[in-house]
1. Can you tell me which residue within region 78-112, out of those that are surrounded by fewer than 10 Cβ atoms within 10 Å (Cβ to Cβ) and aliphatic (A, V, I, L, M), is farthest from the chain's Cα centre (by Cα)?
2. Taking the conditions exactly as written (open to solvent by 90 Å² or more (accessible area, probe 1.4 Å), out of contact with any strand residue (DSSP E or B) (no Cβ under 8 Å at 6 or more places or on another chain) and not acidic (Asp, Glu)), does Lys71 satisfy them or not?
Amino acid sequence: MSKTRRQQNAGRSKRKRNTRLRHYKQSILMVCMVLIFLSGALAVGSLNLNAKNAGYKEQEKELQAQIEEEKQRSEEIDEYEEYVKSDQYIKDTAEDRLGLVDPNEIVFKPSK
């Protein structure tokens, strides 16, 4: 009977090893599934971030163009301000709005 008990004990230890091995394999499978899920979530998140980044870069280009336009407009305004402060502006305004002329100018008016 000692042989049969040894065989029974050997059978039990095999079952225990098989059960442990099965639990180990299940644990590894679960860990792999969690890692795959997290990798997928990370990939989707990175695609969304890349799309937003491209949109922000396009917006940045548009804003830079607007800044350049405003700088050019500011320069034109500064030039006009200098012109307004000059005597030439006063003379041109007097001629256009009031019809004034210099004393040595001759004005020709069309006949009606």
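1. Ile106
2. Numbers: open to solvent by 90 Å² or more (accessible area, probe 1.4 Å): yes; out of contact with any strand residue (DSSP E or B) (no Cβ under 8 Å at 6 or more places or on another chain): yes; not acidic (Asp, Glu): yes.
The answer is yes for Lys71.
The values are calculated or read from the model by the stated rules, or taken from the named source; none is laboratory data. Keep in mind it's a predicted model, so treat the numbers as computed, not measured. In this analysis, Cβ positions are derived from the backbone assuming ideal geometry, glycine residues included, and neighbour counts consider all displayed protein chains. Ligands, DNA and RNA are excluded from the accessible area calculation, which covers all protein heavy atoms including side chains. Shrake-Rupley method; radii C 1.70, N 1.55, O 1.52, S 1.80 Å.
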